[in-house]
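First the structure, in the form of structure tokens, and then the observations on it.
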Amino acid sequence: MEEIRRAAEAYYENLSDEKKRNARFSFNEMDKNGDGKINLDEYVECLKKDNNTVLTHPSLFTALDKDGNGSLDFEETIVLYYIMQSGRALFCKCCDTFLADVYFSCFQCFCLDESPSTYDLCCDCYGGKRFTHHDDAIFWDNYTLLS
Ligand SMILES: [Ca+2]
Ligand SMILES: [Ca+2]
Ligand SMILES: [Zn+2]
Ligand SMILES: [Zn+2]
């Protein structure tokens, strides 16, 4: 998660003042009870309203909650903002964990242009061979795949 967090911070720093205000505005929108932080209920409610149901996954909320206090402060939601903007919301096809850092992806599925989604696995599921996929699948980690 640390890498995405760093990327999100860099991304935020380069936003225009207007976009920064927008980010602050969406944070306040999410914070229904105005206590300055987003709890899981507020989080799920807001993303459902935006039809962003893939992001309502509790494993993503947990990953975003850096200090583990059960709610998101503004700094923690910047990462969510970044994930939404960049479309980098990937979950393990096997155990549904949010893929925060390195993950494995099926090379063949990745290369199929007509395929809308890739077949991604967390290291645990890939290493533990807990998945079922086509027999001839070749998996690469995301760094190798994109280079
Ligand atoms: Ca709140
Ligand atoms: Ca927190
Ligand atoms: Zn997994
Ligand atoms: Zn595949």
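Which shape class applies to region 2-91: rounded if a/c is under 1.5, otherwise prolate when a/b exceeds b/c and oblate if not, where a ≥ b ≥ c are the square roots of the Cα gyration tensor eigenvalues? Don't jump to the answer; show the numbers that get you there.
Details: a/c = 1.34, a/b = 1.14, b/c = 1.18.
Because its axes are fairly even, with a/c under 1.5, region 2-91 counts as rounded.
Be a star and scan region 82-109 for residues whose amide nitrogen sits under 13 Å from the point 7 Å along the Cα-to-Cβ vector of TRP140.
It comes to 104-109, nothing else.
Determine the dipole magnitude for region 104-146: charges of +1 sit on the beta-carbon of Lys and Arg, -1 on that of Asp and Glu, nothing else is charged, the reference point is the Cα centre, and the result goes in debye to the nearest 20.
Using Cβ point charges on Lys, Arg, Asp and Glu, region 104-146 gives about 180 debye.
Using the membrane-span-like helix rule (whole DSSP H runs, Cα extent along the own axis of at least 30 Å, mean Kyte-Doolittle hydropathy at least -0.5), which helices of the chain qualify?
Numbers: long enough: none.
Span-like helices in the chain: none at all.
Mind listing the phi-derived Karplus ³J(HN,Hα) values for region 119-133, rounded to whole Hz, using 6.51, -1.76 and 1.60 with θ = phi - 60°, and x for any glycine or proline?
So the Karplus estimates, Gly and Pro as x, are 10, 10, 9, 6, 4, 5, 5, 5, x, x, 6, 8, 9, 10, 8 Hz.
Relative contact order, percent, of region 2-86 when contacts are C-alpha pairs under 8 Å separated by at least 6 residues?
Details: 59 pairs, mean separation 30.8, N = 85.
That works out to 36 percent.
Using the Karplus curve 6.51 cos²θ - 1.76 cosθ + 1.60 with θ = phi - 60°, what ³J(HN,Hα) values do you get for each residue of region 65-71, in whole Hz, with x for Gly and Pro?
For region 65-71, the Karplus curve yields 6, 4, 8, x, 8, x, 9 Hz.
To check you understand DSSP bridge types, tell me what percent of the beta bridges within the chain (both residues inside) are antiparallel, rounded to 5. Kindly include the intermediate steps, with their values, before the conclusion.
On the way: 8 of 8 bridges.
Antiparallel bridges make up about 100 percent of those DSSP assigns within the chain.
Taking the Cα centre of region 2-86 as origin and charging only Cβ (+1 Lys, Arg; -1 Asp, Glu), how large is the dipole, in debye to the nearest 20? Please list the in-between numbers first.
Details: 11 positive and 18 negative charges, 48 e Å.
Around 240 debye, computed over region 2-86.
So, in nm, how far is label PHE25 from label SER117 when the simple model puts each one 7 Å beyond its Cα toward the Cβ?
For PHE25 paired with SER117, the spin-label model returns 3.2 nm.
Could you give the dipole magnitude of the chain about its Cα centre, charging the beta-carbon of Lys and Arg +1 and that of Asp and Glu -1, in debye to the nearest 20?
Numbers: 15 positive and 27 negative charges, 25 e Å.
Computed about the Cα centre, the dipole is about 120 debye.
Eight or more residues apart or on different chains, and alpha-carbon atoms under 17 Å: count the Lys pairs in the chain matching that.
On the way: LYS32/LYS48; LYS32/LYS49; LYS37/LYS66; LYS93/LYS129.
For the chain, the number of qualifying lysine pairs is 4.
Coordinate-derived values only; no laboratory data. These numbers come from a predicted model, not from an experiment. No Cβ is skipped: glycine too gets one built from the backbone with ideal geometry, and neighbour counts run over all protein chains shown.
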